[in-house]
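Structure, as structure tokens:
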Amino acid sequence: MMNTIRIHPTALVEKYVEIGDGTSVWDNVHIRSGARIGRDCIVGGKTYIAGGTRIGDRVKINASVYIPAGVTIEDGVMIAAHTVFTNDRFPRACTPDLASLLPSEPDEHTRPTVVREGATIGANCTIGNDLTIGRFAMIGMGSVVTKSVRDFHLAIGSPARPVGVVCRCGQPLFKFSEAMPREGQPVSCVHCGWNYRAMGGTVEDLLESAAEAA
């Protein structure tokens, strides 16, 4: 089978990096040893991906994204330009006496972040650590995420707060500030027809649930 991985000549891809077939790595990207990137991904110019990160299939990473160790990105995620992930809650450059630099490698202070399948992170976001961004969730541009975001929720602001529910296709289903469907009442996306039900702060994908039950 022909290898269709495309790596720009200015990109720096270190040894022991796994890159899946069909993935494109653009100009001035730096991917550290031990990173793993799936199939059919796009890694935009000037992006940094640390060793030990795990990126699934069909992920779009736009320009100048910073992804440190401890971050896992599942299939079908979109990360817009200039997004920054973090992995240390109380970072310091030096020892308390300022006599020597602290090591940059992952250690017991490195905290994980998981971006679940289908989620979108808007441009210029800052993503905290020790949290999860749920399946098909959407983070509005410029947001600062300090707490986990539930599946299908739209979160915006600094700090980011959930303001509504979005469909798999990305279109809004309803906002929490407007008339909301009754608890447990099915809701259909007017754009793609996908069906959901909101109960107790969670959103159930009815078509997916029906397929699993079949």
**Asked** Taking the range 67-81 only, how many residues are surrounded by 17 or more Cβ atoms within 10 Å (Cβ to Cβ) and either in contact with a Cys (Cβ under 8 Å, 6 or more places away or on another chain) or part of a loop (DSSP other than H, G, I, E, B) (or both)?
**Response** 8
**Request:** Determine the pairs where a residue that is surrounded by fewer than 16 Cβ atoms within 10 Å (Cβ to Cβ), located within the range 12-23, has a partner that is among the aliphatic types (A, V, I, L, M) with Cβ atoms under 7 Å apart, the partner being 6 or more residues away or on another chain.
**Result:** GLU14/ILE31; GLU18/ILE37; ASP21/ILE5
**Message:** Exactly one condition in (1) within 30 Å of PHE85 (Cα to Cα); (2) buried (at least 18 other Cβ atoms within 10 Å of the Cβ) is false for GLY157; which is it?
**Reply:** (2)
**Message:** Taking the conditions exactly as written (under 22 Å from ARG32 (Cα atoms) and under 12 Å from the mean Cα position of the chain (by Cα)), does ILE139 satisfy them or not?
**Reply:** no
**Request:** Go through the range 120-137 and give me each residue that's touching a Gly at 6+ places or on another chain (Cβ under 7 Å) and of a type in the set (A, V, I, L, M, F, W, C).
**Result:** CYS125, PHE136
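Here is a yes/no grid of residues against (1) touching a Pro at 6+ places or on another chain (Cβ under 8 Å); (2) surrounded by fewer than 16 Cβ atoms within 10 Å (Cβ to Cβ); (3) farther than 14 Å from VAL71 by Cα; (4) touching a residue at least 60 places away in the same chain (Cβ under 8 Å):
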residue: LEU102; (1), (2), (3), (4): no, yes, yes, no
residue: VAL115; (1), (2), (3), (4): no, no, no, no
residue: LEU131; (1), (2), (3), (4): no, no, no, no
residue: VAL149; (1), (2), (3), (4): yes, no, yes, no
residue: PHE152; (1), (2), (3), (4): no, no, yes, no
**Message:** I'd like the full set of residues that are in contact (Cβ under 8 Å) with a residue 40 or more places away in the chain, part of a strand (DSSP E or B) and surrounded by fewer than 18 Cβ atoms within 10 Å (Cβ to Cβ), limited to the range 85-100.
**Reply:** ASP88
**Item:** From ASN28, ASN3, residue being part of a loop (DSSP other than H, G, I, E, B), over 22 Å from SER148 (Cβ atoms) and either touching a Gly at 6+ places or on another chain (Cβ under 7 Å) or of a type in the set (Ser, Thr, Tyr) (or both)
**Value:** ASN28
**Message:** Based on this model, can you work out whether ASP40 counts as outside any strand (DSSP E or B), over 21 Å from THR126 (Cα atoms), at pLDDT 95 or above and more than 15 Å from the chain's Cα centre (by Cα)?
**Reply:** yes
**Request:** Determine whether VAL190 is in contact with a strand residue (DSSP E or B) (Cβ under 7 Å, 6 or more places away or on another chain) and either on the phi < 0 side of the Ramachandran plot or without any contact (Cβ under 8 Å) to a residue 12 or more places away in the chain (or both).
**Result:** no
**Message:** Out of GLY142, GLY184, I need the residue that is at pLDDT 95 or above, surrounded by fewer than 16 Cβ atoms within 10 Å (Cβ to Cβ) and assigned to a loop (DSSP other than H, G, I, E, B). Which one?
**Reply:** GLY142
**Message:** Just to be sure I understand the filter: pairs with C-beta atoms under 9 Å, separated by 6 or more residues or on different chains, first member in the range 53-66 and closer than 17 Å to PRO112 by Cα and in a strand (DSSP E or B), second member of a type in the set (Asp, Glu) and modelled with pLDDT of 95 or more. Which pairs pass?
**Reply:** ARG54/GLU74; ILE55/GLU74
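The values are calculated or read from the model by the stated rules, or taken from the named source; none is laboratory data. All values reported here derive from a predicted model rather than from experimental measurement. Cβ atoms come from the backbone with ideal geometry, glycine included; neighbour counts cover every protein chain shown.
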